[in-house]
Every structure is written in C-alpha cells, then in structure tokens.
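As structure tokens, the structure follows; a few thoughts come after it.
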Amino acid sequence: MAVTGRAVLAGFLAVAAVAISGAVGAWASVVALGVLVVLVAADVLLAASPRALRLAREGDVTLRLGDSATLHLTLANPTRRPLRGWVRDAWPPSADAGPRVPVQVPAGERRRITTTLTPTRRGDARAAGVTVRSIGPMGLAGRQRTLSAEWTVRTLPPFHSRRHLPGKLSRLRELEGQHTAMVRGQGSEFDSLRDYVPGDDVRSIDWRATARGDGVVVRTWRPERDRRILIVLDTGRTSAGRVGDTPRLDHSMDAALLLAALAGKAGDRVDFLAYDRRTRAQVRASGKGSQVSRIVEAMAPLEAELVESDPAGMVSTVLGTQGRARRLVVLLTDLNAAALEEGLLPKLPALTSRHMVMVAAVADPAVGAMAAERASADALYRAAAAERTLSERRRVTAELRRMGVEVVDADPEHIAPALADAYINLKAQGRL
Amino acid sequence: MTPPAPTAPPPVPEAFEPAGGPIARTWRAIRAPLVLFTALAVVAVLLSLGAERFPEGVLEPESVSPDGTRALVRLLEQDGDVDVARSSAEARQAVADAGEDTVLLVSLDHRLLPEELTDLAELDVDTVLVQPSVLALSAFAPGLDVTGRIDTGDALTPECALPAAVAAGEAGVGGELYTAAPDSAAVGCYPSATGDALVQVTGDGSTTTVLGTGHPLTNAALSARGNAALALNLLGADQVVWLRPDPAQVGGGSSMWDLLPAGLRWSVLPLVAALGLLALWRGRRMGALVPEALPVAVRASETTEGHAGLYQSRRARDRAADALRRGFREQTAPKLGLAPDATPEAVVAAVAERTGDDHARLRTLVYGDRSDPFTADDRSLVRLADGLDECSRRLR
C-alpha cells in the first residue's frame, strides 16, 4: 500500500470542506472521512497487481571500472489492468544505479526499462530487488511490492597501465630482432638462419652455413620462450593502505596486469596467486595464449584483508603446488620493514634457491613530499619521520638485493612500466 | 589483450540478508525497545507504590516541606482535635460545631473576601491571626496598626505579662510589628524598636491574638528556641479550627475549544487523516535500503604521520636530527661513490673534498657528537636541516 501526493491533497481538501461546513460539521466530517477511505481503498483495489508482474533481465555481465554497464529489465504485465506507476531497480550504492523511473505497461503487454550502472568500486554488485509501485486509476493510492530479478555485474580492475603496453611490446620485439629498425635481437637462444642483409652484425654470420650455400647466411637469436612466471599478489593488511585515493592493492593489480599481458605476448606462461593467510585467488596457465582475461576475472572480487600476511604459508604454497620447474616469482607487496623483516626475509632463501624472485612495491609519493617539508620546526618533525620511513625502505631494499632478489620500488604512476622494464631486462640478460 | 569473456560470475553468498521471515525480523527489531519499555514501566510502578503525595504550600497543615506545619498539627492532635477548614464557610461551621474550648487560627486571609472576614470576626471564639492583611486586622482587631517590620524569624524576648509568651520565652517571631491604640485593652509582646511582634486583644469573652509571622509554626522552625512552646500555648485547646483558605476559583465560562465553530472542531478528524496520508506519502520507501560492505579507507602514510605526531608532541629533536642526517648520508653516499657502510671519516673526507668545508664542522653537521649543538631547540633543528640542504645542493 502506498499513497500519492494527490491523496494528501484530497485529504486537506476534505479538511477545508469540513471546516466551512458550519453546524453540520459532525456529518460533514464523517462523510468526508468515508469518501476519502472509499476512494483510497478503491484505488488500491483497482491498481494492477505488482505481484503478477513478470520480470526478465538482460545486459552486461562484466565491465571495467570507470565504464558503464547497461542492463535491460523487461516488465511483462499479464493482468487485464494497465500498470501505471514507478519502478526502482535497486543496486548497492557504489553501483550508482539511478533513482526510480515512471512506467506504464498496458494490460497484456511488455515494456523495457534501462538501468545504467556506473560502479565506483571494483568487485561484484548484486541486484537487490525491483520495487514496483502500481498506482490505481484515480492516482490516489496503489500497491507496492519488491520483486526479485537476480543479476550480478562484475566490475573488473581498470587496467590503466594498458597504455604502456604498445611501448613495452616494441621493446620486446627489439629483443627478438623483429623490430622494423632491423636491430639484431639480443636474445640468447638460437632461432634460425637467414640470408645476410646489409646492416647485419658481421659477428652473427654463420660461416659453416655460408660455406654450404651460395650467399652469406647469418644466425638470428631470440629470447627464451615458454618460461614460467608466477605473479603473487599480497592481499594482507599492507595492501589496504591508500596511495593517493586508491588502495595499494589496486596499483599492484595494475602493474600485475601489464606484466601478465606483456609476458603473454612474449610467449611466457603466466600463473597468478593472491595470498594473505590463505589463497584468495589462483589462476594456472593452461596451454598457450594470454591468461590476462582469466587473471582480470580472478582479481575483480579481491579486497584487501585486514590481517597480517603469512609469508611462510605463501612460500610453501608457491613451492608446493606450482611444479618444480624454475620460474620467475614476482611478489607484489609493500616494502614495510617491520612486516618484511619479521616475516618474509627469513623465508626467502627457500624461494631464491629454486626460483628467480622479484619484489615489486608501490611507493607512497606523500611520504616523499613529507620528507621535503621545511616550512617550520613542526614540518621538520614530519620530514624526519618521512626520512625514517624512507631509510627503512632503503634498508629492506638493500637486504633483499643482498639475497639475490630483484626489487622494483616506484610510485603508483610508474610502478607498472617499471615492473615491465625489469621483466624485459631480465629477459634480455637471459636470466629467466 | 582480449576483452574478457562475458561469463556469468559465480553466485555470491547472501551476506546481509538476516535469517528468518518478516515476522522474525520484526520481532528482532522491536524486542529490545519492548524490553526496555517494560523495564521502565515496572520500575515506575514500583517507585510509585512506596510514595505518598503530600500537599505543598506555606502553612499548609498537611505539608511536610520546611514551610508546612504538619509537625505542629500532629503535636496539637495529641491533646485535642485539629479541624482543617479550607473556606470561611467551613471554618464557621466547624466553630459552630465545636465546644467551648476552641481556637480559630486564620492564615493566608488575603484569600478571603472582606465580608467573609467580617463574618469570621463576629464569631465568639478565641482567634489567632497569622500575619493578617490590613483588612483582616481592621475586622478582627480594630485599633491595631502595622507599624514596622523586621527580618522574618528574628529572635525576640517576650517582655510582657502574657502567660503564653512568658512561658515560651525567647522565640523567632520576627516579622510584621504592630502597635495598639493607646486606649485599647491590648497586650503587646516581643517588642522591637517599632512595635510588638505579638499582640493580644481581649474583647468581650474572647481574645484575638495577632502574630506578625507564621515562621515559628513551620516544620523548619518549630524546634528552634521557644517556637513550639509559644505555638502550643497559643493554640492549646480541645478543638483547633485551622483555616487556610484555598484560592478563589475563577468562575466557569466556556473554554477556547467550546467557542470554536462546530465545523472547525470537526475538521480535526479529517486533519488527522490528512496528516496520516502525508506521513505515508513522504515516509513510504521504494523498497528496502541496500546494504554494502565498504572497504577501509586508511592512508598508506598513516604510520609515518603517526611517527611525525609523536616526534612533534615529545619534541624528539635527537631522533629527528638522527633521521634527517641518516637520510642525507644515505642519499649522499652513492653520489660520492661510497659504500653504504663507509666510515664517518671517509664520508666526511669525501664531502669536504667536494664542498671545501671544514672537517670538524662537517662532522658535527653530518654525524653530530656528544654535545650536539643542533638539538638544543627547534631553531637549531631548522639550522641543521638548512645546513644539510645546503650541503646536498653543493654536492649536486
């Protein structure tokens, strides 16, 4: 049951009518109330039943953060009365689903309403229900019912670092010697023989093959292919802190996606693991081809957990379930001295003895800005605290490098390309 | 990078929907307020069971508050009857019904009409007037005038031949003071500079006693000095008629509500209905609110800010200076081609070579020593930061 502003207006008209009725006030009052009640009740009874409505949804299932998803909701009215009223398609607040819309569905027909979602957060958004308010023919009152129309929209990480992909891919092609600039590939794995072209490095001429044939033949080299990379995302408490306006976790995801896309193009196999005290998400490379879409899909519902990460569990998960082949393990975490020295550093040797390990961390530009503050004595205390943080970060970095770990430490703007560069450098040096 | 395949995501378990049907939910929602309300009601009933309400008011014979006279009335009731009259008619009836030995006490007589006062004055009974109005004074004891006033409750001595006063001795009777006309048969007691606080006029067969204040009769003052004795002496009789008139009632008339036209009066009914509709119109939501789990919003630099706050509140200049110097050294050492673990001498020597500064001064600036001149106060700390900044500028 719901009433409209028109019913309220009718009520106040009744008040006015009774007020000027004079001596017959008692009768007028009873009659006015009776008429009001009868009209409202009739309208409620004559309104099309919202319960009988049939709902059907179609539309987008996934979208990238920042885009909009369009969903269509079809309202079928099987009753013999026209449905007139309002419909609210309810979604969680962060999905930004817009307010209620007016609808008119003639008897026996169907109408479609469109809901546009522009989520402000990554993850799954579930439809909370469709509330239909059906107003009677007089427009005084009506019936209301919340119906269920299940749908889930998954908002994927935005992958802002996609724009770096072409540049990094061309660097990669340079390695392979396929670049249009005809620079000789720097890879270390023998690829094929081809005819000499002026400009080729004379050192790469294969004299044996040249002696067998007519022309001069050179060897080409290519970087190693089919190496395995495991991207480990730390979803513990240190990933919850916001750098700028975005959690560190999301910056790490961005970097991980660029690396995964790049490595996929380079012919390497990329696995993905999200871990804090237990495995939050896991993607294993299956066959050839890019794993990026599967990794994106796995990342979407991940949120930072407010628990201390368990590096021992993480190391044993990496060692235990992922086969025995040597691989590049990229750990995306924070260079937090306390957390790392207590947890990860003692466990690292087990990892570095079998795998190549790279640690990537998002630095906070706010700390750098604090370290440069000089305005007053109070600002100096802030600068000192920031210097202390930076100093600890440097200490942990040095410690990690001493253990043979590659460290990538960059602010949110540069972490993705820096990680990609580090990967390309490793590939160029043949260290994978 | 290929766009992800539009597969339906796995179902997410219900996170916010409370278990149970609508009745269970409603019950859960109202049970806490219900229990609270019941508890309050029980407490209120229990408290009201033990309470007895006493009327309040000045010289009110039933009142237990400091300005009431319940204590005196109880004392009088041990020897005789006390009849509390609330109007002059009641008082006259009580006096008529009483026997020979009767005392009429008149308090708050400004609430009585002049003719009522005259009627009362004509009664043939011993009368005690407590702080009478001028009208009452002229009706009961013509020839007596109010001639002064001292602080209420001031102690005075009798200094007269009136047995009741002599027996009571000193009493807190200060209040209005009276002076009798020279030719009247009045006995004045408790004299002060401008008159007597208690005057007894003997008429034909009955006496009229005028007391300048009701203070000695009250619960608060009864136990002080000779107050109780004086009161009992004045009022000692088989029957005491205690007149404390109620305020006169304002005559009936019709209320505002009755004066309204019938139509307006009856329009309240539809008004209630219209307001109900208004509340329903504005208050009815389109479906329930949708809950959502929000992520924590904490800056990554939170711990650093916390450190800064601690340094600042404790004025930890030594630690701040140490952190600033360490930061300078760690940034400078690689530029100078030094290992991170280079000795202080080596660092100072390398810096001095590039900047041409004095060794000792640099050593103090970059490492400090036992009596560090840069941690004495905040200004020194600023000088340290300036020195380090200047140094790194010249090394660039």
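Values in this text are rule-based calculations from the coordinates and carry no lab data. Keep in mind the model is a prediction, meaning the values are calculated, not measured. Using ideal geometry, Cβ is built from the backbone for each residue, glycine included, and neighbour counts are taken over all protein chains shown.
Tabulated data
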| quantity | calculated |
| --- | --- |
| Solitary cysteines of chain B, where the nearest other Cys Cβ is not under 4.7 Å | B:C391 |
| With Cα atoms, 0 to 90° folded angle of helix B:302-314 axis to chain B main axis | 70 |
| Trypsin sites (Lys or Arg not before Pro) within the stretch B:28-103: DSSP coil, no more than 11 neighbouring Cβ in 10 Å | B:R53 |
| Span from the the stretch A:245-289 Cα centroid across to the the stretch B:124-177 one, whole angstrom | 105 |
| Chain B: relative contact order in percent, alpha carbon pairs under 8 Å with at least 6 residues between | 14 |
| Amide H partners (placed H, <5 Å) of B:D81, local residues excluded | B:Q239, B:V240 |
| Residues A:R163 and A:S376, FRET efficiency given R0 of 30 Å [Cβ-Cβ distance, rounded to 0.05] | 0.15 |
| Cα gyration tensor shape for the stretch A:1-156, rounded if a/c is under 1.5, else prolate or oblate | prolate |
| Computed over the stretch A:228-428: relative contact order in percent, which uses C-alpha pairs under 8 Å that are six or more apart | 25 |
| Local electrostatic count at B:T375 - Lys and Arg +1, Asp and Glu -1, tallied over other residues with Cβ under 15 Å | +2 |
| Length-normalised contact order for the stretch B:316-395 - Cα pairs under 8 Å, 6+ apart - percent | 37 |
| Mean-position separation - Cα centroids, the stretch A:1-68 and the stretch B:291-321, in angstrom | 55 |
| Exposure proxy order (Cβ contacts within 10 Å, fewest to most) of A:S239, A:S316 | A:S316, A:S239 |
| Proximal aspartates and glutamates to B:K335, defined as alpha-carbon separation beneath 16 angstrom and excluding residues fewer than eight positions away on the same chain | B:E353, B:D389, B:E390 |
| Selection of GluC sites (Glu not before Pro), the stretch B:99-135, meeting DSSP coil and at most 12 other Cβ within 10 Å | B:E100, B:E122 |
| Area projected by the alpha carbon convex hull of chain A, averaged over all directions, nm² | 35.8 |
| Residue-wise HN-Hα coupling along the stretch A:351-358, computed from phi with Karplus coefficients 6.51, -1.76, 1.60 (Hz; x: Gly, Pro) | 7, 5, 5, 10, 10, 7, 10, 10 |
| Partners for A:K265 among aspartates and glutamates (Cα-Cα distance below 18 Å; same-chain residues under 8 apart left out) | A:E174, A:E176, A:E189, A:D191, A:E224, A:D226, A:D254, A:D421 |
| Cα-based reach from A:K347 at 19 Å (exclusive), listing aspartates and glutamates while leaving out same-chain residues under 8 positions away | A:D234, A:D276, A:E308, A:D310, A:D334, A:E399, A:E406 |
| The protein assembly as shown: C-alpha gyration tensor shape, a/c 1.5 cut-off, then a/b vs b/c | oblate |
| Cα-based helix-to-principal-axis angle, A:25-46 vs chain A, degrees rounded to 10 | 40 |
| Chain A: angle of helix A:311-321 to the longest principal axis, Cα-based, in degrees nearest 10 | 80 |
| Chain B - Rg (one decimal) and Dmax (whole number), Cα, Å | 46.8, 130 |
| Chain B: calculated mean residue ellipticity at 222 nm from DSSP helix runs of at least 4, using -39500 (n - 2.57) | -13500 deg cm²/dmol |
| Cβ-defined net charge surrounding A:P106, 12 Å radius [Lys, Arg +1; Asp, Glu -1] | +4 |
| Reciprocal of mean inverse Cα separation for the stretch A:228-428 (Kirkwood radius, Å) | 17.2 |
| Residue-averaged 222 nm ellipticity for chain A, from DSSP H runs of 4+ at -39500 (n - 2.57), nearest 500 | -11000 deg cm²/dmol |
